[in-house]
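A quick write-up on the structure given underneath.
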Amino acid sequence: MKDMRTLLPFVMVILSMSVFGQTSEALGTYSENGKMIAITNLSGLSDCAARSARGKVRSVKVDGDRAIVRLRDKKVETDVEIPLDKLAKDERDAIFKQLLKKKNLLRVAGYACTPEAAITAFSIDHVY
């Protein structure tokens, strides 16, 4: 019983360390030749429904700390909002030069509170 009392605080400390170890910045994934192929952790958790979209980049507009991207796949267009506030400067440069280029085929996962609303992305992957 005494061992259990000393073990419980130790376990609680170990489990709480994982919370502090999480990064608040978005994380880019790069190929061997240095090209950005994915970015994750763009937005936090949400109560809205999870949605995903796939398509070629048709247009990219920057509005403050958000990029609005229109994807098109088989005559279906989807608007995606990409929060830019969690991106480091080098990641921000890479996302526009290598990932969000016209005609790139992307898969986006995110949240949308209504079916008509744009998807707020938490993950973007380049599809080859």
- Task: Filter segment 105-115 down to residues that are of a type outside the set (Phe, Trp, Tyr), out of contact with any Gly (no Cβ under 9 Å at 6 or more places or on another chain) and surrounded by 16 or more Cβ atoms within 10 Å (Cβ to Cβ) and give me whichever is farthest from residue 37 (Cα to Cα).
- Result: 112
- Pairing a residue in segment 103-128 that is farther than 18 Å from residue 28 by Cβ and among the charged types (D, E, K, R) with any residue that is modelled with pLDDT of 95 or more and assigned to a loop (DSSP other than H, G, I, E, B), where Cβ atoms lie under 8 Å and the two sit 6 or more apart in sequence or on different chains, gives none
- Query: For residue 117, are the conditions met, namely being among the small types (Gly, Ala, Ser) and in contact with an Asp or Glu (Cβ under 8 Å, 6 or more places away or on another chain)?
  - Reply: no
- Which is touching an Asp or Glu at 6+ places or on another chain (Cβ under 8 Å), surrounded by 12 or more Cβ atoms within 10 Å (Cβ to Cβ) and farther than 22 Å from residue 117 by Cα, of 87, 71, 99? 87
- Item | Long-range neighbours under 9 Å by Cβ, at least six apart or interchain, first residue among the charged types (D, E, K, R) within segment 63-77, second surrounded by 12 or more Cβ atoms within 10 Å (Cβ to Cβ) and not in a strand (DSSP E or B) | 65/84; 65/85; 66/84; 66/85
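The values are calculated or read from the model by the stated rules, or taken from the named source; none is laboratory data. A quick note: this is a predicted structure, and the numbers were derived from the prediction, not measured. Every residue, glycine as well, gets a Cβ built from its backbone with ideal geometry; the counts of neighbours run over all protein chains shown.
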